[in-house]
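Here the structure comes first, spelled out in structure tokens, and everything after it is commentary.
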Ligand code: ADP
Ligand code: MG
């Protein structure tokens with residue numbers, strides 16, 4: 001018998017691909033996608049949309065003249081999906097299949113399927129508003145309604161129309177999602193047809209608590225071990241929680257308890273999953289547990305739709321999520337733990353019924369469920385818009401205040417953003433006309449929040465560009481420090497020598513300088529609890545930011561040990577996030593007059609300086625400032641005299 005040609009032997013991956021629900025619909029889907037300029041594709045998470053659609057299009061020759069872009073709200077999703085599709089197509093990453101995320105580009109001239117964050121595609125549009133290098137844009141995970149995806153809806157819609165008017169190669173737009181407000185999307189995209197993928201959802205039993213739970217972490221812990229004692233070991237558990245810190249803490253508790261279980265209770269493998277986890281550790285969730293051992297995954301909402309894990313029989317839903325909230329009256333954006341929407345709760349429950357019937361334990365009462373909001377509020381309606389407005393202005397959108405948003409931002413939010421950008425000197429307002437200043441144009445050339453771009457652009461005035469570039473790079477990368485809770489004392493001891501009484505920015509800078517001095521020595525990193533991979537990334541980010549500076553003809557100097565210059569520069573860029581110490585020892589944010597506290601993780605936790613600027617606010621039991629820098633009141637007044645002449649007096653009165 002003749003052996004089949006090597007390329008034709010179906011690999012386990014090929015078999016898996018054909019088993020996906022989407023495979024049945026392939027001919028029909030391709031038929032429709034070939035004809036439609038714009039389509040909305042709805043299908044259960046895990047049905048194969050993200051990994052298969054780009055390959056189907058490519059194989060069928062749709063959009064072959066250019067590149068097919070697939071956007072993802074999350075950086076990790078873009079990277080891991082590109083890896084998966086490269087594997088399925090048996091090509092190496094960066095050739096046919098590649099990815100582009102902020103500060104990292106793994107594509108080449110051969111790349112036809114390009115996974116990217118929504119933020120990156122938006123950034124590219126500044127130089128190419130018609131998106132001419134793309135023939136198809138797939139806006140994936142549309143139900144997440146991230147700010148960047150929402151802005152992209154408008155940008156892509158305009159590009160498509162303009163290309164038609166100018167007789168250019170047409171742009172095909174595919175919007176993909178798990179569940180969403182279908183009519184809203186279809187209406188926005190000129191009544192585009194909605195294609196539904198047949199799901200393969202098994203029945204799921206939902207359980208509620210009888211009483212409201214005051215401590216959802218405790219409730220989760222009890223539920224995990226109840227299931228563990230009763231269910232067969234092959235049934236894995238997925239727990240939805242809110243963030244890294246509580247996930248790591250619960251993981252530790254579970255591991256401790258599981259060591260002391262009565263006979264007859266099998267072992268337990270506890271795995272944490274959150275966005276800032278290094279990719280190699282993230283991949284651990286896909287590996288099956290050893291035989292006889294139960295896998296318990298503690299995850300943020302990342303496992304709601306972005307990644308699909310097999311073997312899950314039980315879902316435990318705390319009903320909580322950490323997300324941003326914005327108050328246009330106060331101008332403050334706050335990261336807070338809050339209740340999920342009904343749509344999110346259903347999405348979470350659905351993770352239990354992927355392969356067989358499943359069970360979902362909701363750690364809240366049915367009454368509480370009934371009171372949840374139906375859909376998650378789009379980010380554009382709960383975030384600070386200054387970055388978006390600056391971006392839209394740089395895109396040359398003529399009337400930014402009336403941009404065609406699918407969901408309108410809150411009244412006042414655009415206005416608040418314009419005021420902030422004016423304060424930063426990026427915009428000018430004459431009568432009702434808003435224009436970008438020369439500084440604003442320069443700010444938009446950095447892939448950074450406006451205030452960080454401003455800090456870099458101001459740094460030559462204080463002769464501290466190297467330092468500010470370092471600090472901004474450190475803030476642009478996921479945490480560079482390891483804080484294993486079990487080794488708290490060792491961590492503190494190792495860190496002491498870097499701590500600056502001037503705050504967290506300067507402390508980070510000290511660590512970064514030491515890292516560079518030892519050329520990133522691995523041993524040094526281990527001893528000092530520094531994440532060497534992320535630190536390496538900081539260096540790469542700094543190099544890229546430096547390149548942008550050089551293009552703008554900036555003079556880059558170092559101020560050496562003169563840390564005052566650095567802090568003055570930060571004060572001039574971050575003055576909207578300033579807080580003042582009150583006689584009773586508390587702090588008040590000067591912009592909103594809201595009471596805030598120093599986060600326990602800050603090196604300034606006990607110091608109580610009179611004035612600080614901070615990076616962000618986190619609302620848990622109280623409203624905490626995170627990442628603080630000590631500043632002088634004079635510098636703040638210098639930075640924005642008019643603004644502070646009102647604020648300082650107000651805060652003191
Ligand atoms: P959808 O976009 O419809 O949610 P995907 O195309 O992302 O579906 O996933 C299809 C299947 O591919 C999933 O069932 C998942 O198990 C598998 N898969 C995706 N990424 C990976 C990965 N990195 N490793 C292993 N399996 C994966
Ligand atoms: Mg997907």
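FYI, it's all coordinate maths here, none of it is from the lab. The structure presented is a predicted model; accordingly, all values stated were derived computationally and were not measured. Using ideal geometry, Cβ is built from the backbone for each residue, glycine included, and neighbour counts are taken over all protein chains shown.
Contact order, relative form, for the chain: 10 percent (alpha carbon pairs under 8 Å, 6 or more residues apart, mean separation divided by residue count). Each label was represented as a point 7 Å from its Cα along the Cα-to-Cβ direction; for residue 291 and residue 488 these points are 4.1 nm apart.
Determine, from the Cβ-Cβ distance of residue 496 and residue 594 and an R0 of 30 Å, the FRET efficiency 1/(1 + (r/R0)^6), rounded to the nearest 0.05. Efficiency computed from Cβ-Cβ geometry: 0.40.
Residue 202 to residue 513: FRET efficiency via 1/(1 + (r/R0)^6), r the Cβ-Cβ distance, R0 45 Å, to the nearest 0.05? The value I calculate is 0.25. Look at the alpha carbon pairs under 8 Å that are at least 6 residues apart: their mean separation over the length of the stretch 106-215 gives a relative contact order of 25 percent. Restricting to bridges with both residues inside the stretch 246-379, how much of the DSSP beta-bridge set is antiparallel, in percent to the nearest 5? The antiparallel fraction comes to roughly 45 percent. Within the stretch 399-415, what residues put their amide N at less than 18 Å from the label point 7 Å along the Cα-to-Cβ vector of residue 429? Answer for the stretch 399-415: 399-403, 409-415. Computed over the stretch 416-571, relative contact order equals 29 percent, with contacts defined as Cα pairs under 8 Å that lie 6+ residues apart. A simple spin-label model places the labels of residue 108 and residue 13 1.6 nm from each other, with each point 7 Å out along Cα-to-Cβ. When both bridge partners sit in the stretch 291-447, DSSP labels roughly 75% of those beta bridges antiparallel. Counted residue by residue at 0.36 nm each, then reduced by the alpha carbon distance between them, the extension gain from residue 164 to residue 634 reaches 163.7 nm. Express as a percent, rounded to the nearest 5, the fraction of DSSP beta bridges in the chain (both residues included) that run antiparallel. Percentage antiparallel, nearest 5: 35.
For the chain, the 222 nm mean residue ellipticity estimated from helices alone, with every DSSP H stretch of n ≥ 4 adding -39500 (n - 2.57) and the total spread over all residues, rounds to -12000 deg cm²/dmol.
Would you mind getting me the FRET efficiency between residue 276 and residue 407? Use the beta-carbon distance for r and R0 = 25 Å, nearest 0.05. Efficiency, from the Cβ-Cβ distance: 0.35.
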